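So the structure is just underneath, and the comments pick up after that.
FYI, it's all coordinate maths here, none of it is from the lab. No experiment lies behind these values; they were computed from the predicted model shown. Because the Cβ atoms are built from the backbone with ideal geometry, glycine has one as well, and the counts that use them run over all protein chains shown.
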Amino acid sequence: MAIMTFAKAINEALTEAMTLDPDVICYGLGVPDPKGVFGTTMGLQEKFGDDRVFDMPTSENAMTGIGVGASLYGLRPVITHQRLDFALLSMDQLVNNAAKWRFMFGGQRGVSLTVRMILGRGWGQGPTHSQNLQAWFAHVPGLKVVMPATSEDAKGLLLSSIFDPDPVIFLEHRWLHNLRGEVPDGDYRIPLGKAKLLREGGDITVVAMSYMTIEALHAVDHLAEQGVNCDLIDLRCVRPLDWEAIEASVNRTGRLLVLDTGNLTGSISGEIVARVTANCWGALKCAPQRLAMPDYPEATSPSLTEGYHVRAEHIAEKIGKVLLREVQFASLSQQRKHPHDVPGDWFSGPF
Amino acid sequence: MTLDISKQLLFQMKRIRFVEEEIARRYPEGAMRCPTHLSVGQEAVAAAVGLALKHKDMAVSGHRAHAHYLGKGGNLKAMLAEIYGKATGCSHGKGGSMHLIDESVGFMGSTAIVGGTVPVGVGLAYGMKVKKSDQVSCVFHGDAVVETGAFFESVNFAVLKKLPVLFVCENNLYSVYSPLSVRQPEGRSIAAMVSGLGLPAYTGDGNDVAAVHAKVCESIAEIRAGGGPRFVEFSTYRWLEHCGPSYDNHIGYRSESEFLEWQAKEPITRFERVMLDNSTITAAELQLMNDNIALEVEEAFTFAEASPMPGPDSAYTGLYFEPSGFGSVPQSEGG
């Protein structure tokens, strides 16, 4: 067990996977460059050679199809995109080939492919460097979609993704890369599709994913000091989604707030509210609620993003409203000393 | 070319033709309930490339793939059963005519999106390179594929990494009803364009089966010797409509005279005549060949028609690896 950043945990998972299995290969724009995709791919090419670790042409679609073919040949490719937005060029290969291959050929062979995509936010990332389109991928039967929030989960879920027999979209929020946490040594795997109950409390179920889990932790712990006790579920995967964990919690608390890093309409949070409403109707004490990004792209200027994202104070305020209780939440924003468009002082751009 | 190879080429072409014509004849019965793209008139390339590749070599293809699948040695019964939507089909009824696979002979899959398997074929070749295999990956495609981004991206990578890929372009002049003239600039040859990407390219008559075979054997030898990818373009012509069992010269996108011109260059009788003339085959041998094909095809149709339909439950299997895990049963609300 060691304490390390989320980015280092990704790097450890890749190193571990490539050491364990010579069939694991890793490529993407900038993978072996001096910055190594925010440090996540540092040193891999030196260790494993340029057949297994390589930069690629700016050809997201074909390079994904090449990953499909390489996987059919027996390799386990890990493709890295510095932003999810760039991977949109590969939707044909992801949706029509990777996701369908096992099904459309009668179940005889699947595509063991991991596609890492980084979710941008703040520092002027703007409309095409900050999209959180997990709902797109989760909508496609045949894909799995992983969204870790902690260093420990980043490593354990990435190892499981790489060795999964089916295609996995692995979404890393850029604001998590510098977050530190304890990470088990060696080959450490967390099963895909199992949520984690981070806080236990009977008043309300709060469901979060990826970076929203961090904001939720601040809010939930702050409310606990005021006698409001929340179940906080970190989804970790949005497909498969751990319905059992969510429904068990809602059946206990009778209240639900879902937090989403994506735009509101058509989001994972909408899916969760719909399913819980249908399946836990009898247990619900009030209408399920959600907080997500507005139905607008993220603008670039810092003056245009100040109220755009959901922060801990919004979550605490919302929980208070759902519970019809006076809660104090203003201090949550007052505690933050750094500007609103960066995750912390460590982040000074450029991307 | 040896006597044996000539006979095999003729046999393969005839077999493909017979299968395709039999599908066309039975299609109106309504039992083959999927879009079906036939290769009548284009048999030479599939027969020659299939024979030039070794069993261990791999191939992928697109929507018009029956001939490529059969040329590579794909199981006929499993293909027909697939078109009939049967449980015994090569994709257990999940894929139909446009999703053929027989990994036992290296036919790794054909899919329905134009250009979709080009990177897949290049990816197979990357696997071959990493694992230091001497196999070749063959990508069958049509003239419209060279208009897709996936094609340019894939060729670039194959050339960059010197991958063992044989790109086989069957140029039949049409994409559905759209002629080359509305899709590619006049006077630009596909082979010339491709060679500009650093990919050695050749263009030739796709209805001359012996010439196709000779050229493809040469290209495969160069690839196996480590020369990197090769591109061969063969001109040919599909006789039937883009999708379905009928002739469609009357609907106005191509002319009867053009069709007749190509029919005169028909690959099978042309080769058969040469073989009879130079006595590489006798009339009696030819008759036997025809009879054997008819028998085999009849038997395969009987198998396909008699095979059971897949059970409705199997519509919800095979999505993910776990046979009984999530995804194998549709999840429902309110249950």
Can you put B:Ile281, A:Ile118, A:Ile169 in order, fewest other beta carbons within 10 Å first? B:Ile281, A:Ile118, A:Ile169
Of the candidates B:Gly318, B:Pro200, B:Gly115, the farthest towards the positive dipole end of chain B (Lys/Arg Cβ +1, Asp/Glu Cβ -1, centred on the Cα centre) is B:Pro200
Per-residue HN-Hα couplings for the stretch A:337-351 [Karplus 6.51, -1.76, 1.60; θ = phi - 60°; Hz; x = Gly/Pro]: 9, 8, x, 5, 9, 9, x, x, 5, 5, 8, 10, x, x, 7
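Enumerate by residue number the GluC sites (Glu not before Pro) in the stretch A:214-295 meeting two conditions: DSSP loop (anything except H, G, I, E, B), and at most 15 other Cβ atoms within 10 Å of the site's Cβ.
Passing sites in the stretch A:214-295 are A:Glu225.
Once fully extended, how much extra length lies between B:Glu21 and B:Arg33, figured as 0.36 nm per residue of separation less the alpha-carbon to alpha-carbon distance?
Working: separation 12, 0.36 × 12 = 4.32 nm, distance 1.67 nm.
Full extension of this stretch gives 2.7 nm more.
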Shielding score for A:93-100, defined as the mean number of other chain Cβ atoms within 10 Å: 4
Exposure proxy ranking, count of Cβ atoms within 10 Å, fewest first, for B:Ser97, B:Ser314: B:Ser314, B:Ser97
Cross-link pairs beyond the 28 Å C-alpha cut-off, checked among B:Lys7/B:Lys54; A:Lys8/B:Lys162; B:Lys77/B:Lys265; B:Lys72/B:Lys132; A:Lys47/B:Lys56: A:Lys8/B:Lys162; B:Lys77/B:Lys265; A:Lys47/B:Lys56
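Got the relative contact order for chain B handy, in percent, Cα pairs under 8 Å and 6 or more residues apart?
Values: 616 pairs, mean separation 73.2, N = 335.
22 percent.
Which chymotrypsin sites (Phe, Trp or Tyr not before Pro) in the stretch B:122-181 pass both tests, a DSSP loop state and at most 15 other beta-carbon atoms within 10 Å? Write down the numbers at each step before the final one.
Working: sites: B:Tyr126, B:Phe140, B:Phe151, B:Phe152, B:Phe157, B:Phe167, B:Tyr174, B:Tyr177; in loops: B:Tyr177.
When the chymotrypsin sites (Phe, Trp or Tyr not before Pro) of the stretch B:122-181 are filtered for loop state and at most 15 Cβ neighbours within 10 Å, B:Tyr177 remain.
Pairs of alpha-carbon atoms within less than 8 angstrom and 6+ residues apart define the contacts here; what relative contact order does the stretch A:62-145 have, in percent? Don't jump to the answer; show the numbers that get you there.
Values: 109 pairs, mean separation 29.1, N = 84.
Taking the mean separation of contacting Cα pairs over the length of the stretch A:62-145, I get 35 percent.
Show that you can apply the helix-only estimate: for the protein assembly as shown, add -39,500 (n - 2.57) for every DSSP H stretch of four or more residues, divide by all residues, and state [θ] at 222 nm to the nearest 500. Let's see the in-between values first.
Working: 23 runs with 251 residues, N = 686.
Value at 222 nm, helices only: -11000 deg cm²/dmol.
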Neighbourhood charge, 9 Å Cβ-Cβ cut-off, centred on A:Lys144 and excluding it, Lys, Arg +1 and Asp, Glu -1: -1
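Only Lys, Arg, Asp and Glu count, each charged at its Cβ (+1, +1, -1, -1), so figure out the dipole size of the protein assembly as shown about its Cα centre, rounded to 20 debye. Show your work: numbers first, answer last.
On the way: 61 positive and 78 negative charges, 141 e Å.
Roughly 680 debye for the protein assembly as shown.
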Chain B: mean projected area of Cα convex hull, nm²: 19.7
What are the DSSP H helices in chain B that stretch 24 Å or more along their long axis, judged by alpha-carbon atoms, and whose average Kyte-Doolittle hydropathy comes to at least -1.0? B:3-26, B:283-306
Where GluC sites (Glu not before Pro) in DSSP loops with at most 11 other Cβ within 10 Å are excluded, longest remaining stretch of chain B: B:1-185
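Seen from all sides and averaged, what is the projected area of the convex hull of the Cα atoms in the stretch A:311-351, in nm²?
Details: hull surface 13.3 nm².
Orientation-averaged projected area of the Cα hull: 3.3 nm².
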Name the residue farthest towards the positive end of the dipole of the stretch A:38-179 from the options A:Ala149, A:Gly110, A:Met42, assuming +1 on Cβ of Lys and Arg, -1 on Cβ of Asp and Glu, about the Cα centre. A:Gly110
Specify the residue with the greatest mean-square fluctuation among B:Gly244, B:Gly252, B:Gly96, computed from a Gaussian network of chain B linking alpha-carbon atoms under 10 Å apart. B:Gly252
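With a ≥ b ≥ c taken as the square roots of the eigenvalues of the C-alpha gyration tensor of the stretch A:196-335, please select rounded if a/c is under 1.5 and otherwise prolate if a/b is larger than b/c or oblate if it is not?
Oblate, because a/c is 1.5 or more while a/b does not exceed b/c.
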Within the stretch A:58-139: Cβ-based charge dipole about Cα centre, in debye rounded to nearest 20 (Lys, Arg +1; Asp, Glu -1): 240
Applying a 10 Å radius around every beta-carbon, put A:291-301, B:69-79 in order of their mean neighbour count, most first. B:69-79, A:291-301
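List the GluC sites (Glu not before Pro) within the stretch A:140-196 that fall in a DSSP loop (any state other than H, G, I, E or B) and whose Cβ has at most 12 other Cβ atoms within 10 Å. Please list the in-between numbers first.
On the way: sites: A:Glu152, A:Glu172, A:Glu182; in loops: none.
For GluC sites (Glu not before Pro) across the stretch A:140-196 that sit outside H, G, I, E and B with at most 12 neighbouring Cβ atoms in 10 Å, the list is empty.
Going by average Cβ neighbours within 10 Å, how do the peptides A:40-46, B:113-119 rank, with the highest at the top? Before the final figure, lay out each step's value.
On the way: A:40-46: 19.9, B:113-119: 26.3.
Ranked from most to least packed, the peptides come out as B:113-119, A:40-46.
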For A:Met209, B:Met98, ascending order of other Cβ atoms within 10 Å (fewest first) is B:Met98, A:Met209
10 Å Cβ neighbours from other chains, averaged over peptide A:54-65: 6
In debye to the nearest 20, how big a dipole does the stretch B:3-309 give about its Cα centre with +1 on each Lys and Arg Cβ and -1 on each Asp and Glu Cβ? 1100
Counting only other residues whose beta carbon sits under 12 Å from that of A:Leu232, what net charge do I get with K and R as +1, D and E as -1? -4
Give the cross-link partners of A:Lys318 among the aspartates and glutamates, using a straight C-alpha distance below 20 Å as the criterion and excluding same-chain residues fewer than 8 apart. A:Glu200, A:Asp203, A:Glu215, A:Asp221, A:Glu225, A:Asp231, A:Asp234, A:Asp260, A:Glu271, A:Asp295, A:Glu306, A:Glu326
